[in-house]
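The values are calculated or read from the model by the stated rules, or taken from the named source; none is laboratory data. Everything quoted here is computed from the prediction, not taken from an experiment. Glycine gets a Cβ as well: all are built from the backbone with ideal geometry, and neighbour counts include every protein chain shown.
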Amino acid sequence: MKRILTLTAFVLSLITAAGQKGLNIGIYFSDHYKDLTAASVYIEGSDLTPYNLSLFRSITLTAETTPKKSWQLLEQRVMEDAKLATKKEVAMIGTQLYYGFYALPPLDGKTNRYIFYRNNLLKPEAKPQEIMLVYIEGKASSAELKKIFK
Amino acid sequence: MTTDKKYWLALTERYFDGLTTEHEERLLRQFASTPMAQTEEFEELRAVLAYLATGKALRRKKSAGFRLTPGLIKWSAAACIFIIGGIGIYRFMPRTTYIAYIDGQRTTNKVEVIAQMHSVMADINANTPTNTMEASMNNLMNTLNTKE
């Protein structure tokens, strides 16, 4: 009986401990934002395994659905998470982030994480007038992504 | 069962003296329900036996509610393991989740979601200062689309 209870507790701890992300941008991929975004995508699972990826998330915010305060807050959260980046490619317009590509430290030591952000609202001539945020997880390194998907 | 009244009177006396065996007490209980015992001589015996029988029945009723038997424990443990195992298998079995929100409308259609992802990556590739990474990710989406 004691062994059964110990095994039960162990299995339950495995189930509940999975899935913690801990990034500031995580809020944009929650259910709360599904009504505010123009479009969002969430793919997670074994179909991405052949490409050494496990998760793809994106949201696209338009000028119509996103007040300036909101996208400035988004930018702040991206830049906050970007502080963790081990690699980055960034372009600024003035003091604001136009686009950024960031490789974050691996989750659990082996799952790489990437953030891509682009804000076309900073360029009136840019089309489409959208803010895009993409988050990817997977075992592929940035170099491997280049090789795998050429 | 003997019909000798003297025997039963003697046995009754021994019962009240606390000298009877279990077997003899069982015989007395059986005797108490027979016509021979329905006389004044055995009235006290019947009263005591009835009182004891009632008390026993009440005690049995109180303790009969819920009993944790070894069989119940084993089956409960097996059920717990089965349920937790099922949750674990469901949680960890390979599967892919496809969800997209487009203009507030939710879709889980694999083709639609992949198309939306393809659109995102094409947008990045076309409208961002290019580098190898975006081109590579766009190729990823093309490859997934071809696989479908």
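List of remarks:
- Some residue of region A:129-137 being more than 11 Å from every other protein chain (Cβ to nearest Cβ), part of a loop (DSSP other than H, G, I, E, B), surrounded by fewer than 21 Cβ atoms within 10 Å (Cβ to Cβ) and modelled with pLDDT under 90: no
- For B:THR3, the criteria (1) free of Cβ contacts under 8 Å to residues at least 12 places away in the same chain; (2) loosely packed, with under 10 Cβ neighbours inside 10 Å; (3) not hydrophobic (A, V, I, L, M, F, W, C) hold in every case but one, which is (1).
- The residues of region B:60-100 that are at pLDDT below 85 and closer than 30 Å to A:LEU48 by Cβ, listed by number, are B:GLY86, B:ILE87, B:GLY88, B:ILE89, B:TYR90, B:ARG91, B:PHE92, B:MET93, B:PRO94, B:ARG95.
- Of the strands (runs of 3 or more DSSP E) lying entirely inside region A:78-123, those containing at least 3 residues that are over 12 Å from A:TYR135 (Cβ atoms) and in contact with a helix residue (DSSP H, G or I) (Cβ under 9 Å, 6 or more places away or on another chain) are A:87-93, A:96-107.
- Residue match in region A:62-75 (condition: surrounded by 13 or more Cβ atoms within 10 Å (Cβ to Cβ), among the β-branched types (Val, Ile, Thr) and within 13 Å of chain B (Cβ to nearest Cβ)): yes
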